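Report on the following structure.
The values are calculated or read from the model by the stated rules, or taken from the named source; none is laboratory data. The shown structure was predicted, so the numbers you read here are calculated from the model rather than taken from an experiment. Every residue, glycine as well, gets a Cβ built from its backbone with ideal geometry; the counts of neighbours run over all protein chains shown.
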Amino acid sequence: MKKKQKGGILSRTGKFPLSDSGDLKDPANFTSAIQQLLNKEGLSPSQICLTLSAEEALIHQISLPKMKEAELNEVISTEIERIPKFSDKEFDYIYSWSKLDETRLRVLICALTKDSLNSYIQGIQQTGIILNRLEISPLNILEILSNQTGKDRVGALLVLEDRLSHITIFWQKEYRLFFQLTAGKLDLYTPGNELNNPNYLNWIDEINRTFKSYQREFRTSAIEKIWIIWDNENIKDLDKLLAKDLEAEVIVPKPEDFAIKEESETAFNPIYFLSLAGPINYIKDIKQKLNFRHFLRQIELKKALKEVRFFVLIYILCVGVLLGGLIAYCASSANKILSREKEAAERIVTLNLETVELRKERDDYLDTKDKLLLQAAYVKLLNRISWSEIFGRTGAVLPDNVSLSLFEVSESGALKLEGATLTIDAIAELIRKINEVPFLENAQFNFLREKEIENKRIVEFGLITKLKENIGAEK
């Protein structure tokens with residue numbers, strides 16, 4: 001897919017079998033599978049949007065009493081740990097909540113084990129292609145479709161996978177219900193792609209019960225608009241069948257509905273929309289309630305640190321060039337002054353008795369020289385201050401939740417701090433307070449890294465700052 005103005009051009013769609021690729025949670029296997037696909041299709045993409053199936057993740061909706069965000073995070077983490085697949089593993093999660101009533105919240109949770117998450121990220125990074133987004137279907141589609149639903153209309157999304165079905169109901173860009181059905185495509189159709197009527201009718205009954213449950217809870221009218229996504233290969237008319245049996249408007253999403261021009265030689269299969277949602281979110285810069293970028297925060301943190309190091313290096317080079325030029329200028333000025341002083345002394349010896357005016361000029365010159373020497377001595381004093389005073393003033397602004405492991409002041413006036421804290425916000429507060437110290441300026445990061453100690457996330461940091469050049473005047 002290529003980005004064009006406010007839309008895009010979809011030039012290639014299709015499937016790639018992964019049955020011979022081995023365990024894709026092995027980064028090497030995943031990298032190899034991607035490279036095989038790119039080689040087979042002759043593609044050289046600059047970015048990849050990875051969409052994982054709901055089978056790879058936990059998607060769960062719960063109702064909770066109103067509580068503070070810290071308490072909500074703790075309850076959600078405990079809820080995820082109850083799931084057998086997550087009980088003995090580290091995991092990462094995101095969530096979105098909406099107001100159910102005056103005392104309760106409805107929370108939609110999406111979680112991934114860190115092993116799976118890191119393996120997929122590492123597998124794409126090893127290709128050398130930028131990982132632009134990592135999203136979970138069908139949750140990544142909701143904002144796209146809610147924008148296509150009328151302001152006061154209730155919309156529903158039905159996704160039929162091989163072994164599961166997902167129903168999502170939304171109203172005015174708010175998720176109201178997410179429900180999973182245990183029947184999938186393999187249950188509804190025989191190996192010969194004939195409809196299994198008993199299983200199909202049970203599936204329709206489950207969908208209707210879900211819709212009626214939503215209507216009772218929210219006291220709303222029947223759902224009239226349903227989006228459906230399924231693999232239509234050899235199963236072409238499921239949307240028409242559903243429109244008849246559910247007595248509702250059933251819509252199959254198409255690329256052109258979202259300013260995407262399709263130039264693919266193969267017919268667009270609705271199931272491809274699960275993968276297409278990521279690029280659409282990127283192209284249209286759609287803000288999602290579920291912050292999928294959270295799953296890539298380690299990559300973004302490393303990128304930010306690289307940018308910080310780059311700008312620090314540029315800053316050091318610029319300062320070095322300026323200081324070098326200043327030193328050269330001072331040396332040249334000093335030589336000129338010495339040369340002029342020597343010439344003046346010779347003239348004074350020769351003309352001292354000739355005229356009063358010449359003596360006066362000599363006295364004026366000596367006065368100027370004395371002033372220059374006093375200025376030179378004053379400049380020398382500008383970079384001098386008691387180290388104990390620096391330490392005391394810095395310690396006074398140190399936040400309570402920050403500990404220092406290094407305090408170093410060089411003769412050049414550079415001050416280096418290293419330490420650790422539990423939150424990045426505390427480091428930002430420390431930088432702000434250091435910049436408020438009268439004789440310090442330009443506090444910046446030297447390094448920033450995270451580590452875990454006894455299951456707690458610790459942020460280690462290094463800062464550099466320097467004494468102000470006009471420190472003597474301020475004191």
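I'm checking my understanding of the structure. Among residues of region 182-207 that are among the polar types (S, T, N, Q) and surrounded by 13 or more Cβ atoms within 10 Å (Cβ to Cβ), which one is farthest from SER98 (Cα to Cα)?
Per the criteria, the residue is ASN196.
Pairs, please: C-beta under 9 Å, at least 6 apart or cross-chain, first residue closer than 14 Å to LYS40 by Cα and in region 1-21, second assigned to a strand (DSSP E or B)?
THR13/GLU262
Looking only at region 207-225, decide whether some residue is over 31 Å from the mean Cα position of the chain (by Cα) and under 30 Å from LYS3 (Cα atoms).
yes
What are the pairs with Cβ atoms under 7 angstrom where one residue, in region 271-290, is closer than 11 Å to GLU143 by Cα and the other, located anywhere, is aromatic (Phe, Trp, Tyr) and assigned to a helix (DSSP H, G or I)? Sequence gap at least six, or different chains.
ILE280/PHE258
Would you point out which residue out of PHE268, PHE258, PHE273, PHE218 is among the aromatic types (Phe, Trp, Tyr), surrounded by 13 or more Cβ atoms within 10 Å (Cβ to Cβ) and over 19 Å from ALA156 (Cα atoms)?
Sole residue among the options that is among the aromatic types (Phe, Trp, Tyr), surrounded by 13 or more Cβ atoms within 10 Å (Cβ to Cβ) and over 19 Å from ALA156 (Cα atoms): PHE268.
Any chance you could count how many residues in region 36-46 are over 26 Å from the mean Cα position of the chain (by Cα) and of a type in the set (S, T, N, Q)?
2
Regarding ILE286, is this residue at pLDDT 80 or above and among the hydrophobic types (A, V, I, L, M, F, W, C)?
When the stated conditions are applied, ILE286 passes them.
May I ask you to list the residues in region 108-142 that are β-branched (Val, Ile, Thr) and either closer than 23 Å to GLU217 by Cβ or assigned to a helix (DSSP H, G or I) (or both)?
ILE109, ILE121, ILE124, ILE141
How many of the residues in region 143-186 are without any contact (Cβ under 8 Å) to a residue 60 or more places away in the chain, in contact with a strand residue (DSSP E or B) (Cβ under 9 Å, 6 or more places away or on another chain) and part of a helix (DSSP H, G or I)?
Within region 143-186, residues that are without any contact (Cβ under 8 Å) to a residue 60 or more places away in the chain, in contact with a strand residue (DSSP E or B) (Cβ under 9 Å, 6 or more places away or on another chain) and part of a helix (DSSP H, G or I) number 2.
Conditions (1) outside the structural domain of ILE314 (by TED's automatic domain parsing); (2) in a strand (DSSP E or B); (3) modelled with pLDDT under 85, marked per residue:
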position	(1), (2), (3)
GLU418	yes, yes, no
ARG432	yes, no, no
ASN435	yes, no, yes
PRO438	yes, no, yes
LYS466	yes, yes, yes
GLU469	yes, no, yes
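Looking at LYS360, is it surrounded by 10 or more Cβ atoms within 10 Å (Cβ to Cβ), under 36 Å from the mean Cα position of the chain (by Cα) and either under 24 Å from ASN446 (Cβ atoms) or modelled with pLDDT under 80 (or both)?
Judged against the criteria, LYS360 is not a match.
Considering every residue within region 21-34, establish whether at least one is in contact with a strand residue (DSSP E or B) (Cβ under 8 Å, 6 or more places away or on another chain) and assigned to a helix (DSSP H, G or I).
The answer is yes, given that some residue of region 21-34 is in contact with a strand residue (DSSP E or B) (Cβ under 8 Å, 6 or more places away or on another chain) and assigned to a helix (DSSP H, G or I).
Residue-wise test of (1) modelled with pLDDT under 90; (2) small (Gly, Ala, Ser).
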site	(1), (2)
GLY7	yes, yes
SER19	yes, yes
LEU38	no, no
GLU79	no, no
PRO84	yes, no
TYR95	no, no
SER98	yes, yes
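Any residue that is within 17 Å of HIS294 (Cβ to Cβ), modelled with pLDDT of 90 or more and either acidic (Asp, Glu) or more than 27 Å from the chain's Cα centre (by Cα) (or both) - is there at least one of those in region 130-152?
Yes, region 130-152 contains a residue that is within 17 Å of HIS294 (Cβ to Cβ), modelled with pLDDT of 90 or more and either acidic (Asp, Glu) or more than 27 Å from the chain's Cα centre (by Cα) (or both).
Could you look through region 40-56, keep only residues that are over 15 Å from LEU10 (Cα atoms) and in contact with a Phe, Trp or Tyr (Cβ under 9 Å, 6 or more places away or on another chain), and pick out the one that is surrounded by the fewest Cβ atoms within 10 Å (Cβ to Cβ)?
Looking at the filtered set, the residue picked out is LYS40.
Considering only strands (runs of 3 or more DSSP E) fully contained in region 47-107, which possess at least 1 residues that are within 21 Å of the chain's Cα centre (by Cα) and in contact (Cβ under 8 Å) with a residue 24 or more places away in the chain?
Correct list: 47-52, 91-99.
Quick check on region 156-180: of everything there that is under 19 Å from LYS99 (Cβ atoms) and touching a Ser or Thr at 6+ places or on another chain (Cβ under 6 Å), which residue is modelled with the lowest pLDDT?
Applying the filter and picking the extreme gives LYS173.
Filter region 170-181 down to residues that are under 14 Å from ILE223 (Cβ atoms) and among the hydrophobic types (A, V, I, L, M, F, W, C) and give me whichever is surrounded by the fewest Cβ atoms within 10 Å (Cβ to Cβ).
Step by step, filter region 170-181, then rank; the result is PHE179.
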